[in-house]
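Input: a single structure, listed below in structure tokens.
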Amino acid sequence: MNDTPDEPQDHDPTVPDTQGGRLFRTVVGDEWVTMPATIAGIRAALPEEQRANFTEAIENTPARDIFAAMVRWARPPEMVEAVERDHDRIQRLAEEADARVIMGEDPDVVRRDLRSQIAKGARSTRP
């Protein structure tokens, strides 16, 4: 991707500063997605019914795992759905590749085809 911004990943001047200036930025498809990157910001962005679970999870997460836990809770629904679709697609391709190898196809050919199909799918999900 050549359109990486020059600003730090946690800075987006087009987004109002409602989380104390700390934001996660990532790409879904070809679009930048901005998420809160503070515990308070993530909690505020969650639906009311999820906030107590978030607080409990964060308070009981070991320090070494806190970043991953924050990202899991900060992801917007469209990002979660996109990741799940990709996982399902890749799982299906892997199962098909396993079947081809079991049926006697050359594992190197199957592996090359699998990589190509995974890459092709990644390109086709971009608008």
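Miscellaneous remarks
- Its residue count N sets the reference 2.2 N^0.38 Å, and the alpha-carbon radius of gyration of the stretch 55-127 equals 1.57 times that reference.
- Placing a pseudo-label 7 Å from each Cα along the Cα-to-Cβ vector at Thr26 and Ala52 gives an inter-label distance of 2.8 nm.
- Point-to-point label distance, Arg115-Met103, nm (Cα→Cβ direction, 7 Å offset): 2.3 nm
No lab work stands behind these numbers, since they all come straight from the coordinates. Given the structure is predicted, the values throughout are model-derived calculations rather than measurements. Here Cβ is always computed from backbone atoms with ideal geometry, including for glycine, and neighbour counts include all displayed protein chains.
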